[in-house]
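Coordinate-derived values only; no laboratory data. Keep in mind that this is a model prediction, so the values were computed, not measured. Please note: Cβ atoms are built from the backbone with ideal geometry, for glycine as well, and neighbour counts cover all protein chains shown.
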Amino acid sequence: MSTQTPQNDLLVLEEIHTFIGQFHILEGVSLRVPKDSITVMLGRNGAGKTTTLKSILGLTPPQQGRVIFDGMEIQGKHAYNIANLGIGYVPEHRAIFRALSVMENLKLAERKKGDFDKHEEFIFNLFPDLKRLYKLPGNHLSGGQQQMLAVARALVPDNKLLLIDEPSEGLAPILIQQMMEAIRILSTTTTILLVEQNFIMASQLAQRFTIIDDGKSPHSGLMSDLVNDTELVHHYLGASIKTRKEMELSHEAEN
Amino acid sequence: MKPKTKKIITLSIVVLVVLVITLLLYKVAGKEPFIRTALSGLTLGSLFFLVAAGLTLIFGLMDVLNFAHGSMFMLGAYMGWQLYTNPTFIFALLPHLLAFATGVMLLPLIKPTLVRMKLPEKWVNAIPKITLVLALLLAVFSFIGFDILAYAKTAMVAASIATAGNPFAEITPQEPFATYWIRPVLIFLSGLLVAIASAKPGNKQEFAVRERLSKTLPVPVIFFSLTILALVVRESAPKAVLLMDGNLRFAIAVLVSIIFGFVFGQVVEITLIRPLYVRPTFIIIMTLGLSYVIRELVQLLWDPLAYQMVRPPFAAQPGKAANLLEWFQKGSSTLNIFGVTFPTYRLFVIALGIVMFIFITILMTRSRLGMIIRAGVQDPQMVEALGINVKSIFTLVFALGVAMAALGGIGAGPFLPIQPLMGDQYQTQGLITVVIGGMGSYVGAFVGAMILGMARAFGDYFALKYSLSTAIAEASTVIIMIIVLLARPQGLFGKKE
Ligand SMILES: Nc1ncnc2c1ncn2[C@@H]1O[C@H](COP(=O)(O)OP(=O)(O)O)[C@@H](O)[C@H]1O
Ligand SMILES: [Mg+2]
């Protein structure tokens, strides 16, 4: 039943099942992430998006199914081994280390000596604020600064794939814009699998989407098709999501 | 900024309370008794810290309360004392241990090949179990007929070495090589089997990069050479050690205790604790059980007696030094401090505690390991997601904690009777220290240990002065704990959950 992976897919999930305790959280999630693009996972709260990311990383290893990264089956391997293959993780709720300074948070993410020096310029160009906050302890940062640090941390080593979980959650509109811009810049060099509740942000960034619903992945395809499919959007993501027409209006207002 | 001001307020209150109490004690006790008792308190506090530091680091990172910590303190004392007075025992066992380690250290060399083997599912599951059973059998075989009790019992002879005419006459001779050689061979194979079992042959979920030989070969080669060396010097080394300068011998004893604690801690964490992280309460029961096993083994080897370890020469010469410099030159056993005569060895213990506190502070704030520990306390999953093997960090921290307890044990050796229960009191006080200082805080452990040490010393002093029961001193530490917990449930330096 396994299909031959197309050459340009960096990550493929095939029907993965994940349990947390006795709870069957993922009941067959499949998705693929083509190289050099942004793929977004959409779905309601509690649908299983975060669990899918953690299953890829091996933090909640899937019991069934295959996870293929860069042509290699990685399901069941230790999380640190998986990460060392070149996967960066930006967790939800900005899980930065509060007891560590900004500098230490970044240094800790090094996989080999000199990783940070190598990417320092790039990181500080992307988030100039962090340079100023370099010596501050993590628990003194504002929400937005913490989110930037969480993303920056994933940029310290060389990564082929970034897993980013709800980067815009709880950010002020101006910071959302900045974060979007940063992710767009990142996507020019790295493949990204994104989880995003903010449909506008998701539709502007991503080329492909996969809908996660109730631990399954009922739909996936091109983002450009989804923005026109009002029915699908309303069915899986809630009636409050703006349709394409409204989005265009807001887009014009922006420019 | 709020938490910082709060911290400063707490700190100043603690300092104020300490100052007031100090002044009060000074007034009530008088100058000389005050200085003597305070120094005794610092000595005790130093030992409490060495025990509590490991407990608190281990608890902070892994949520494990190690109830065998006191036994490990005791084991450290026994191992150091053995090297100091009866190296026969350690050198008899050394080839065994090194041969076993050589086998185990081959793991990185063989793992990449073994993991890539194509085996049926059945065998993948069965091989580790079969090899582990075989390893155990081989290990048992390698000890059959090995009179380990005789080597341990030599201790009682060597304890009086200074007086005997020919101190070496009573040392148990090592087994002749002609019959001995098979033991290290067997246990090396046992170690190799353990390595094969841990490599998990054919297991697709394991991950092993093929490294260059220049990276994987040196460690087993070093251990192999050490094994050969240990085999060769089995007979001569104990005598050489006993003839050595006493201070050097003591330094080696301290080193042996630390290394022993480090290795023992690793073995305990990997084999006994790691499988139980999913059931934290079981770990408490397991470590409690382990402490009894250790105690019984020690009683078996050395009988349930109390031994007195001779103080090292740098603090054993008769006479009183007028100042530090004179102590360093003459190695006097006592020193004049502000008109008070105080044993110099105890000053050494105080210094040991302070040096270890500085070492831990540097480790935690300056090193990558310290960074990983501080991050891991908050969120081990995220540390793992950065590509760091958190399991191996757990092992390392546990081993460090045990090594520190063992160091405390040998440090206490020359002024505490060495006996199987010597660690119990220190474990209890260490646990109280951790609660007072705040779970997981090494600064808290230091401050808490010093407070407790003082409470014990002054409790004993006043009990003696007013003919009260010495139970007052022991109760005082618990009372302090209760007061601190009522004022700050998370301990002096603990973080609120
Ligand atoms: N540790 C856990 N224990 C039990 N259930 C969990 C745990 N973590 C997540 N879940 C459940 O798994 C489901 C999916 O969660 P999650 O992947 O976080 O959703 P999403 O990220 O899409 O909002 C939810 O119903 C949640 O309640
Ligand atoms: Mg989520």
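Please arrange B:69, A:93, B:96, A:78 by counting, for each residue, the other beta carbons lying within 10 Å of its beta carbon, fewest first. Each step should come with its number before you reach the end.
Numbers: B:69 26, A:93 14, B:96 22, A:78 18.
Ascending Cβ contact count within 10 Å gives the list A:93, A:78, B:96, B:69.
May I ask which of A:113/B:6; A:113/A:216; A:54/A:107; A:35/B:391 have a Cα-Cα span longer than 30 Å here? Mind showing how you got there, number by number?
Values: A:113/B:6 37 Å; A:113/A:216 40 Å; A:54/A:107 23 Å; A:35/B:391 32 Å.
Cα-Cα > 30 Å for A:113/B:6; A:113/A:216; A:35/B:391; rest within.
Roughly how big is the range B:1-108's charge dipole about its Cα centre, with Cβ charges of +1 (Lys, Arg) and -1 (Asp, Glu), in debye to the nearest 20? All intermediate terms of the calculation are to be shown ahead of the outcome.
Values: 7 positive and 2 negative charges, 134 e Å.
Charge dipole, the range B:1-108, about its Cα centre: 640 debye, nearest 20.
Within chain B, which complete DSSP H helices have Cα atoms spanning at least 30 Å along the helix axis and a mean Kyte-Doolittle hydropathy of 0.0 or higher?
Working: long enough: B:2-29 (40 Å, 1.52); B:31-62 (45 Å, 1.35); B:121-143 (35 Å, 1.43); B:246-268 (32 Å, 1.89); B:280-302 (33 Å, 1.40); B:344-366 (32 Å, 1.89); B:390-412 (33 Å, 1.85); B:442-465 (34 Å, 1.07).
Span-like helices, by this rule, are B:2-29, B:31-62, B:121-143, B:246-268, B:280-302, B:344-366, B:390-412, B:442-465.
Based on the alpha carbons, how large is the Rg to Rh ratio for the range A:95-177 when Rh follows Kirkwood?
Working: Rg = 12.2 Å, Rh = 13.0 Å.
That ratio is 0.94, to two decimals.
Can you give me the three principal axis dimensions of chain A from its C-alpha atoms, in Å, biggest first?
Ordered largest first, chain A gives principal extents of 48, 48, 36 Å.
I'd like the projected area of the range B:96-148, averaged over all directions, using the convex hull of its alpha carbons. Report it in nm² with one decimal. Please list the in-between numbers first.
Working: hull surface 17.4 nm².
For the range B:96-148, averaging the hull's shadow over all directions gives 4.4 nm².
If r is the Cβ-Cβ distance from residue A:121 to residue B:369 and R0 is 41 Å, what FRET efficiency results, to the nearest 0.05? List each step's numbers first, then the result.
Values: r = 28 Å, r/R0 = 0.68.
My answer for the efficiency is 0.90.
For residue B:204 and residue B:21, what does the FRET efficiency come to when R0 = 60 Å and r is the distance between their Cβ atoms, rounded to the nearest 0.05?
Working: r = 63 Å, r/R0 = 1.06.
Approximately 0.40, to the nearest 0.05.
If one puts a single equal scatterer on every Cα of the range B:307-376 and applies the Debye formula without solvent, what log₁₀ I(q)/I(0) results at q = 0.12, 0.24, 0.28, 0.29 Å⁻¹?
Debye curve over Cα of the range B:307-376, log10 I(q)/I(0) at q = 0.12, 0.24, 0.28, 0.29 Å⁻¹: -0.48, -0.97, -1.16, -1.19.
Using 0.36 nm per residue of separation minus the Cα-Cα distance, give me the extension gain between residue B:125 and residue B:212 in nm, one decimal.
Numbers: separation 87, 0.36 × 87 = 31.32 nm, distance 2.86 nm.
Length gained, residue B:125 through residue B:212: 28.5 nm.
Can you pull the three principal axis extents for the Cα set of the range B:273-431, in Å, largest first?
Extents along the principal axes, in whole Å: 60, 42, 22.
Within the P(r) computed for the protein assembly as shown, what percentage of the Cα pairs occupies the region above 53 Å? Could you put the intermediate results ahead of the total?
Numbers: 67477 of 282376 pairs.
Tail of P(r) above 53 Å: 24 percent of Cα pairs.
Scanning chain A for trypsin sites (Lys or Arg not before Pro) in DSSP loops with at most 14 other Cβ atoms within 10 Å, what's the longest stretch left with none?
Longest stretch, sites excluded: A:136-255.
Counting only Cα atoms, I'd like the Rg/Rh figure for chain B, Kirkwood definition for Rh.
Values: Rg = 24.8 Å, Rh = 24.8 Å.
Answer for chain B: 1.00.
P(r) of the range B:367-497 in 5 Å steps, Cα pairs, percent per bin?
All Cα pairs considered, the percentages come to 2, 9, 14, 17, 17, 16, 11, 7, 4, 2, 1, 0, 0.
What is the calculated FRET efficiency for residue B:281 to residue A:140, with r their C-beta to C-beta distance and R₀ = 41 Å, to the nearest 0.05?
Numbers: r = 37 Å, r/R0 = 0.89.
With R0 = 41 Å, the Cβ-Cβ based efficiency is 0.65.
Please give the average number of partner chain Cβ atoms lying within 10 Å of the Cβ of each residue in B:373-380, rounded to a whole number.
Numbers: counts 1, 6, 9, 1, 2, 8, 5, 0.
Average neighbour count from other chains, rounded to a whole number: 4.
When only alpha-carbon atoms are used, what values of Rg and Dmax, in angstrom, describe the range B:19-82?
16.8, 45
Please arrange B:477, B:85 by how many other C-beta atoms lie within 10 Å of their C-beta, fewest to most. Before the final figure, lay out the partial values.
On the way: B:477 22, B:85 25.
Fewest-to-most Cβ neighbours within 10 Å comes out as B:477, B:85.
Considering every pair of different Cα atoms, what Kirkwood radius, in Å, is found for the range B:195-339? Numbers along the way, then the final one.
On the way: mean 1/r = 0.0479 Å⁻¹.
By the Kirkwood definition, the hydrodynamic radius is 20.9 Å.
Using a simple spin-label model with points 7 Å from Cα along the Cα→Cβ vector, what separation in nm is obtained for residue B:359 and residue A:158?
3.9
Based on other C-beta atoms within 10 Å, arrange B:467, B:236 from fewest to most. Before the final figure, lay out each step's value.
On the way: B:467 6, B:236 11.
Fewest-to-most ranking of B:467, B:236: B:467, B:236.
If you take every DSSP beta bridge whose two residues both sit in the protein assembly as shown, what share of them, in percent to the nearest 5, is antiparallel?
Values: 27 of 47 bridges.
Restricted to the protein assembly as shown, the bridges split so that about 55 percent are antiparallel.
Once the dipole of the protein assembly as shown is set up with Lys and Arg at +1 and Asp and Glu at -1 on Cβ about the Cα centre, which of A:203, B:453, B:285 lies farthest towards its positive end?
Ranked along the dipole, the leading option is B:453.
Karplus couplings for the range B:327-339 from phi (6.51 cos²θ - 1.76 cosθ + 1.60, θ = phi - 60°), rounded to Hz, Gly and Pro as x?
My calculation for the range B:327-339 gives 4, 4, 6, 9, x, 5, 7, 10, 9, 8, 10, 6, x Hz in order.
Below 8 Å, C-alpha to C-alpha, sequence gap of six or more: please give me the relative contact order for chain B in percent.
Values: 742 pairs, mean separation 154.7, N = 497.
Reported relative contact order: 31 percent.
Is it possible to state the helix-based mean residue ellipticity at 222 nm for the protein assembly as shown, with each DSSP H run of 4+ residues giving -39500 (n - 2.57), the sum divided by total residues, to the nearest 500 deg cm²/dmol? What is it?
Numbers: 33 runs with 456 residues, N = 752.
Result for the protein assembly as shown: -19500 deg cm²/dmol, rounded to the nearest 500.
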